[in-house]
1. Report the convex hull volume per residue for the stretch 101-200, counting only C-alpha atoms, in Å³.
2. With θ set to phi - 60°, apply the Karplus curve 6.51 cos²θ - 1.76 cosθ + 1.60 along the stretch 58-71 and write out the HN-Hα couplings as whole Hz, x wherever there is a Gly or Pro.
3. Which ordering of W56, W18 is given by a fewest-first count of other beta-carbon atoms within 10 Å?
4. Quick one: pull the percentage of alpha-carbon pairs in the chain with a separation above 26 Å.
5. Which of E154, E78, E53 moves the most in a Gaussian network model of the chain with Cα springs under 10 Å?
6. I'd like the FRET efficiency for L199 and K97, computed as 1/(1 + (r/R0)^6) with the beta carbon distance as r and R0 of 22 Å, rounded to 0.05.
7. Taking the Cβ of each residue in C153, C15 as the centre, tally the other Cβ atoms inside 10 Å and list the residues starting with the fewest.
8. What helices does the chain have that are whole DSSP H segments, at least 20 Å long along their own axis by Cα, and with mean Kyte-Doolittle hydropathy of 0.0 or more?
Amino acid sequence: MGTISGTLAHYPDACVVWVDAHADINTPQTTDSGNIHGMPVSFLLGLDKSLSEYQWINRYLPANRLVYIGLRDVDSGEKKILRENGIKAFSMHEVDKFGIGKVVEMALDHVNPKRDLPIHLSFDVDGLDPSVAPSTGTPVRGGLTFREGHYICEAINETGLLVALDIMEVNPSLADAAAVAQTVAVGNSLARAALGESLL
């Protein structure tokens, strides 16, 4: 929440591409688990202002400037929020159907149609398949491949509009040394791709 709030403070017209297995858009009223880490997007959008701890957020992200890629574990309450707020989301079904190149193009067409808005890329490594990034808190099978994840980062870099980047949920305390090393390496590689490292 802090990084995107900071981005909006400096780039009020920024859009957000959110790569994740989860929508993270529950509110205190819709959550089944009660986990705050499943609610940050609802706070960023200003959907719930009841918790005093998050009243420091004073610039909200308009729903039409958020797009998701890679969703595959979404609560029923979150699905309702997405529909009611007209938030565009590309699940793994769309990735399988259209391919990652077309999905990224459609995502950008929705959230940044003129390709003139600053982009904040939030990439939760659990958006990747657990075989690619195992050392994370809430892994969900059936995720993005190594190359699909990197293509997203490469394509965002190619727009020349990236102003902020989060690589989220790399957690070295949750796996053995080999899995930790693999996940850290993938996270670093995603960051380098988003910042301009290319294959050739």
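All of the numbers you see were taken from the coordinates with simple rules; none came from a lab. Keep in mind the model is a prediction, meaning the values are calculated, not measured. Every residue, glycine as well, gets a Cβ built from its backbone with ideal geometry; the counts of neighbours run over all protein chains shown.
1. Working: hull volume 9.7 nm³, N = 100.
It is 97 Å³ per residue.
2. 10, 9, 9, 7, x, 4, 7, 10, 10, 9, 9, 9, x, 4
3. W56, W18
4. Working: 5666 of 19900 pairs.
That tail contains 28 percent of the Cα-Cα pairs.
5. In this elastic network of the chain, the residue with the biggest mean-square fluctuation among E154, E78, E53 is E53.
6. Numbers: r = 25 Å, r/R0 = 1.15.
It comes to 0.30.
7. Values: C153 26, C15 23.
Placing the least packed residue first, the sequence is C15, C153.
8. Details: long enough: 146-159 (21 Å, -0.57); 177-194 (26 Å, 0.97).
Length and hydropathy pass: 177-194.
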